[in-house]
Amino acid sequence: MPRSGEAARRRLKEAALELFLENGFDQTPVEAIAARAGVTERTFYRHFADKREMFFDGEGELRDVLVQAITEAPPGTKPLPALRAAFHASVPLFERNRPLTEPGARLIAVTPALQERALAKRALLVEALTQALQARQVDPRVASLLAQVAMDICAAATHHWMLDASLSLHEHIDHAFRELRLAAAALK
């Protein structure tokens, strides 16, 4: 087992995902994850509070990247372009985690405990985006609406990227924001 904390975390996540796909999330105990990763159960708990939190490791890093990108958008940047830039800034995280994200998405779809945690994660990200927009003097109601819409756009772009890797995630994000602009124009 590598001594690097990040390498250990990654190995635990990979072992867990393998076991979750083989046996199901609820049927996989922490002891089995630790054994598959070649560590003790204590090592698992040194890195993760529980199986659900392990599954969503990286949430804080994603939030930080998104908020920083919105904060650093040039003055006068409108909210949706600032959000689009934020999601572009997060692409390296998605690319790095793609081997775990694709099978993980399938597992979330069939595991109620993970669906619940995914919704909570989304709500926390929407709140962080909303606050970042409000710090740019965007009306609170508009900031909340745009943050929720942007999260849906990102989810759609990521889903399409997983289905069609012939286009980069950057291209899928741009395409999704273009579709939003066209849909909004149709409302006029």
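When the accessible area of the chain is split by element with a 1.4 Å probe, what percent falls to carbon and sulfur?
Details: 5890 of 10480 Å².
Whole-percent figure for carbon plus sulfur exposure: 56.
Convert each backbone phi in the range 154-163 into a coupling constant with the Karplus relation 6.51 cos²θ - 1.76 cosθ + 1.60 (shift: θ = phi - 60°), then list the ³J(HN,Hα) values in order as whole Hz, x for Gly and Pro.
Taking θ as phi minus 60°, the curve returns 4, 4, 5, 4, 5, 4, 5, 5, 5, 7 Hz for the range 154-163.
Explain nothing, just the number: dipole magnitude of the chain about its Cα centre with +1 on each Lys and Arg Cβ and -1 on each Asp and Glu Cβ, in debye rounded to the nearest 20.
That gives a dipole near 280 debye.
Among the lysines, select those whose C-alpha is under 21 Å from the C-alpha of K188, and discard any that sit fewer than 8 residues away in the same chain.
Excluding near neighbours in sequence, the set is K78.
Provide the gained length on full extension for the span A120 to K78, in nm with one decimal, where the gain is 0.36 nm per separating residue minus the Cα-Cα distance.
Value of the extension gain: 12.4 nm.
What is the calculated FRET efficiency for V142 to A7, with r their C-beta to C-beta distance and R₀ = 45 Å, to the nearest 0.05?
On the way: r = 43 Å, r/R0 = 0.95.
Step by step, r from the Cβ atoms, then E = 0.55.
Taking the alpha-carbon distance from K51 and a cut-off under 14 Å, which aspartates and glutamates remain once sequence neighbours fewer than 8 residues away in the same chain are dropped?
Straight-distance partners of K51: E14, E18, D26, E31, E41, E116.
Per residue, what accessible area does the chain have, given a 1.4 Å probe and all protein chains present, in Å²? Let's see the in-between values first.
Details: 10480 Å² over 188 residues.
Accessible area per residue, the chain: 56 Å².
The values are calculated or read from the model by the stated rules, or taken from the named source; none is laboratory data. Not measured: the values here are computed from a predicted model. All Cβ positions, even for glycine, are placed from backbone atoms using ideal geometry, and neighbour counts span all protein chains on display. Side chains are part of the model used for accessible areas, which takes the heavy atoms of the whole protein and leaves out ligands, DNA and RNA. Shrake-Rupley method; radii C 1.70, N 1.55, O 1.52, S 1.80 Å.
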